[in-house]
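The values are calculated or read from the model by the stated rules, or taken from the named source; none is laboratory data. Predicted model only: the values in this text are computed from it and were never measured. In this analysis, Cβ positions are derived from the backbone assuming ideal geometry, glycine residues included, and neighbour counts consider all displayed protein chains.
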Amino acid sequence: MARYAMVTDLRKCVGCQACTVACNSEWEVPTGFARTHVHATGVAGVFPDLVSSFYVAQCNHCDHPACTKACPTGATYQAENGIVHIDRNLCIGCGYCLEACPYGARYISPTIKKADKCDFCSPRLERGQEPACVLTCTAHAKFFGNLEDPKSEVFNMVYEQGARRLETPEVAIGPNVYYLGKKENVDLVLATFPPHRPRLLAPGEIWRGYLKPFILAAVGATFLGQAVAFFHQLKVGEEEFEK
Amino acid sequence: MSPKLTRRDFIRSSSLLGAVTTLGTAPAQSAEHPPGWRGTTRVETIATNCEMCFWRCGVLAEVAHGKVLKLEGNPSHPLTKGRLCAKGNAGPKLLYDPDRLKYPMLRVGERGEGKFKQVSWDQALDFLAGRLTEFKQKYGPESVAFFPHGVASAFFHTLMRAYGTHNIAEPAFAQCRGPREVGYALTFGQGLGSPEPVDLEESKLIVLIGTHIGENIFTSQVTAFADGLSRGAKLIVVDPRFSTAAAKADWWLPIRPGTDTALLLAWMHVLITEESYDKEYISRYAQGFPELAAHVKEFTPEWAETITELPAAKIRATARAMAAAKPAVALHPGRHTTWYGDDTQRARAMAILTALLGSWGQKGGIFLPTAIKTGEFRTPAFPAPKRERADGAGTRFPLASEEQGVTNGLVDATVSGKPYPIKAWIVYGQNVLESIPQRPHTLEAIRKLDLMVVVDVLPMEQTYYADLVLPEATYLERYDMPQIALSAKQPYIAIRQPSVEPLYESKPGWWITLQMAHRLGLEAYFPWKTPEEHLATLVQPLGVNIDTLLTRGAVAFPGRPYIAERLPEDGPLFPTQSGKIELYSPLLKQLGFDPLPRYAPVGEPPVGYFRLLYGRAPVHSFARSQNNAWLDALMDENVAWINEDAARDLRLAEGQQVVLENQDGAKSLPIRVSITKGIRRDCLYMVHGFGHESRRLKLAYHRGASDAGLMTRVKVDPIMGGTGMRVNFVKVVKL
């Protein structure tokens with residue numbers, strides 16, 4: 001089984017936004033929105049001992065995603081390989097997932113009125129291509145692969161070189177986007193762009209909590225009804241045929 | 001499409017089968033997302049190269065129904081290997097920019113008013129041919145000046161030479177790389193060319209002097225830089241500003257602007273007095289060492305500290321780091337090097353330091369070009385112009401390139417009418433009001449012209465002053481002269497071919513050129529009828545299958561980048577007069593210049609003024625890309641970087657709009673203040689290319705401020721004519 005992860009090497013990243021535009025182009029993201037975006041921390045320290053870094057934001061495909069729990073319709077779900085997807089047929093554009101995501105990785109598309117975000121370029125993966133951001137990265141700073149494959153670059157970066165997750169004691173939901181860099185740089189990124197506590201988690205869960213028995217009942221009833229109809233038809237049909 | 005199988009099901013099943021886990025080794029086939037398809041659309045892939053800047057990265061254009069859907073980096077391109085910057089990725093937004101020049105236009109209003117009438121190509125070209133014939137008869141062909149830029153202008157270049165003028169100048173020389181090319185050629189016998197042959201990925205120590213890799217994005221150079229760092233290279237960044245590169249540096253030296261040569265001399269002093277330079281390399285390859293040693297004797301780090309405001313200890317430490325890493329020291333020669341008017345001498349100092357470290361022609365330093373033999377066309381010799389060049393290349397500026405010319409020399413000649421009147425300008429692929437400083441001077445020159453012709457893709461400000469505007473097809477719609485890159489470790493040939501038909505009535509440059517050649521009776525200089533024929537002749541001796549080239553976009557050849565690998569056919573190692581590295585330059589001496597570089601003060605900003613510094617942002621190219629919707633979304637204006645202490649003294653708030661006024665009273669458009677610790681308090685920095693004045697650029701018009709508009713003063717390099725542009729001072733005027 002695969003566990004997909006992305007590593008951004010902050011020692012290499014120059015904040016050039018090639019990833020942003022490649023992603024926008026690949027996924028026809030409406031101008032002004034982004035599935036991935038590069039932010040600058042600004043400059044810290046005392047002249048001339050300064051420090052600054054870039055932060056490449058995107059969906060983290062967390063081990064324990066807050067968005068899937070917040071989604072009232074089940075449109076947001078996690079595949080077994082860890083990739084969090086949005087089923088556009090089920091999404092109603094309510095925006096609960098935006099509030100839930102600690103990393104601000106989602107937006108509501110003004111064109112389709114539904115939530116959208118990075119899916120690690122799943123269709124490209126299926127074609128055997130790298131994610132668009134990884135291929136285009138001018139600084140060769142983005143790496144994608146399977147964390148369960150000890151031979152992968154990302155395995156080495158996470159388990160040997162100590163690439164870090166952007167987590168705080170308050171918000172630790174197992175993001176699968178990792179950052180490699182000097183401690184001072186990753187610390188600065190985390191201090192400047194800390195994950196926020198998932199908001200509006202409760203309404204979605206409560207709503208779904210309430211709805212769940214009804215949905216189950218509805219599904220059960222449908223199944224039962226179909227079974228009844230089936231047997232009925234079997235019986236009636238045979239009778240009709242005999243007539 | 002297989003019905004009933006939802007994406008969700010598919011991803012589950014494919015991951016269960018382990019299909020995607022083989023990523024990168026064997027392409028997985030997918031029913032829902034097969035190769036060659038984008039969603040439900042079958043796409044064709046065209047290999048070509050980019051022109052959002054002039055690095056020309058390899059791209060694959062995905063095309064369906066005559067439309068470019070996406071540009072992606074071309075993984076088979078030998079230099080850029082699939083990587084493409086934000087600008088390159090945003091190429092479709094240039095192609096589909098609604099503000100593009102759409103048809104040929106003749107001026108009907110006053111110059112600058114921007115009133116035109118649409119004409120047909122026949123009318124436009126007949127008009128131009130008529131005027132050019134008239135100028136040739138009345139004033140001689142030298143009265144027509146040509147301002148090209150970039151590879152696309154190659155055919156037009158031939159046309160102008162065939163017509164009989166040698167008054168051709170592009171900003172790539174006198175506003176950009178000129179001082180560096182001349183300084184290194186004086187020392188090593190050859191310049192560097194583009195792409196720069198800096199062996200960043202193999203380096204143990206990278207030294208950047210004012211070079212802002214990371215903000216200046218040339219894709220493969222950024223890749224090599226970042227890969228070099230991750231392989232353990234140390235980094236020294238000399239910059240008054242805490243640049244993206246400075247933030248990665250082991251040593252950031254926030255130097256006082258204009259004092260780089262003092263630092264370079266002190267570094268040489270340390271290497272020589274501590275005898276840590278590459279003695280064997282110098283004794284084998286160089287001449288003039290005793291003169292150099294005597295010259296730098298007095299330039300101690302303590303002397304340099306008083307000038308550069310960098311601690312002597314840090315100067316020593318960085319010199320020792322270089323000595324320890326030699327010869328694998330990549331001292332980047334810079335690219336835009338026209339700063340203070342003594343730039344050739346600063347480039348000389350950098351070249352000499354490179355020699356002391358033994359890095360020229362060595363792994364991890366500067367590598368050597370390898371020539372490849374391309375096909376030649378049987379054409380008549382160009383007519384010899386009867387009069388000297390008007391731009392002063394070879395005369396007023398003795399070491400200026402006659403190939404690239406001196407733009408400002410042509411502007412001067414147009415204004416003064418000396419050595420003879422210039423009657424017409426043809427501008428191709430550049431925006432003279434942004435690329436050449438001293439805009440009022442340029443406008444004065446334009447007023448004196450009988451004819452100004454602009455060939456461009458977008459309605460840049462200069463089109464307002466044109467008598468004739470010719471709309472060129474974008475790089476995605478045309479064939480261009482292929483790139484023959486010799487200064488890559490593996491030399492390569494890379495093509496540009498159209499991905500789609502030209503939109504509107506725009507036409508490719510090669511077509512315009514052939515049409516003009518026909519009208520002027522100069523067909524003999526163009527012995528080919530189609531781009532395919534041109535390409536076939538060009539690649540004939542290379543033994544390249546033309547279909548392979550058209551499919552892959554680029555083909556590389558074996559290179560011999562290091563001294564140890566050179567063959568006799570590569571020619572002399574150091575093609576100087578002496579055949580050796582000239583630490584001491586007899587040629588400069590003979591021409592009356594310093595044979596060894598020395599530091600000269602460049603003047604300080606008056607009280608209340610900052611030195612104006614400028615540079616690039618990673619998402620924009622020169623003044624060309626500000627109207628691109630995707631790039632505009634990422635950066636729609638530039639800001640003025642001001643030191644936090646200076647901002648406090650001026651009571652400025654973050655994001656406040658101000659106007660910048662220079663020493664001559666030139667004022668900028670309003671610009672926001674960005675208050676930062678990351679710049680010295682004696683300078684102000686802004687990204688070049690904003691503050692467009694053309695109303696027809698609907699996104700870019702009046703967004704941000706133009707640094708070029710604040711460059712009313714230049715200091716001209718007497719050796720090669722380059723315009724030093726960092727000699728302007730600005731004060732902040734609150735609104």
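Descriptive notes on the structure:
- Selection within the stretch B:52-79: residues that are in contact with a Gly (Cβ under 6 Å, 6 or more places away or on another chain) and closer than 21 Å to B:R478 by Cα. The member of this set that is farthest from the other protein chains (Cβ to nearest Cβ) is B:F54.
- Set B:N662, B:N627: member being buried (at least 21 other Cβ atoms within 10 Å of the Cβ), under 30 Å from B:Y464 (Cα atoms) and under 27 Å from the mean Cα position of the chain (by Cα): B:N627
- A:G145 being touching a strand residue (DSSP E or B) at 6+ places or on another chain (Cβ under 8 Å), more than 14 Å from chain B (Cβ to nearest Cβ), over 20 Å from A:G15 (Cα atoms) and not charged (D, E, K, R): no
- Tally of residues being under 29 Å from B:A381 (Cβ atoms) and in contact (Cβ under 8 Å) with a residue 60 or more places away in the chain across the stretch B:537-558: 6
- With respect to the conditions (1) part of a loop (DSSP other than H, G, I, E, B); (2) of a type outside the set (D, E, K, R); (3) under 30 Å from B:P508 (Cα atoms); (4) not assigned by TED's automatic domain parsing to the domain that holds B:A424, B:S220 falls short on a single one, namely (1).
- Residues in the stretch A:124-165 that are part of a helix (DSSP H, G or I), of a type in the set (D, E) and either within 19 Å of A:A22 (Cβ to Cβ) or not assigned by TED's automatic domain parsing to the domain that holds A:N81 (or both): A:E126 alone.
- In the set B:F135, B:F225, B:F155, only one residue is within 11 Å of chain A (Cβ to nearest Cβ), in a helix (DSSP H, G or I) and aromatic (F, W, Y); that residue is B:F225.
- Here A:E153, A:E130, A:E167 are screened, and the one residue that is more than 26 Å from B:A224 (Cβ to Cβ) and either buried (at least 21 other Cβ atoms within 10 Å of the Cβ) or out of contact with any His (no Cβ under 9 Å at 6 or more places or on another chain) (or both) is A:E167.
- Among the residues listed as A:T168, A:T111, the single one being more than 14 Å from chain B (Cβ to nearest Cβ), without any contact (Cβ under 8 Å) to a residue 40 or more places away in the chain, assigned to a loop (DSSP other than H, G, I, E, B) and among the polar types (S, T, N, Q): A:T168
- For the stretch B:287-295, the criterion of being in contact with a Ser or Thr (Cβ under 8 Å, 6 or more places away or on another chain) and closer than 16 Å to B:V329 by Cβ is satisfied by no residue at all.
- Scope the stretch B:138-151; condition surrounded by 18 or more Cβ atoms within 10 Å (Cβ to Cβ) and assigned to a helix (DSSP H, G or I); matching residues: B:P141, B:E142, B:S143, B:V151
- Test for B:F289: is it among the aromatic types (F, W, Y), under 35 Å from the mean Cα position of the chain (by Cα), under 24 Å from B:Y340 (Cβ atoms) and assigned by TED's automatic domain parsing to the domain that holds B:T344: no
- All of A:P102, A:P48 fail the test of being surrounded by fewer than 20 Cβ atoms within 10 Å (Cβ to Cβ) and not charged (D, E, K, R), apart from A:P48.
For every residue, the table says whether it meets (1) at pLDDT below 95; (2) touching a Lys or Arg at 6+ places or on another chain (Cβ under 9 Å); (3) part of a loop (DSSP other than H, G, I, E, B).
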residue	(1), (2), (3)
B:F54	yes, no, yes
B:E62	no, yes, no
B:V68	no, no, no
B:T80	no, yes, yes
B:L94	no, yes, no
B:P98	no, yes, yes
B:Y103	no, no, yes
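- Considered as a group, the residues in the stretch B:603-628 that are more than 14 Å from chain A (Cβ to nearest Cβ), in a loop (DSSP other than H, G, I, E, B) and of a type in the set (A, V, I, L, M, F, W, C) include one that is farthest from B:R100 (Cα to Cα), and that residue is B:V607.
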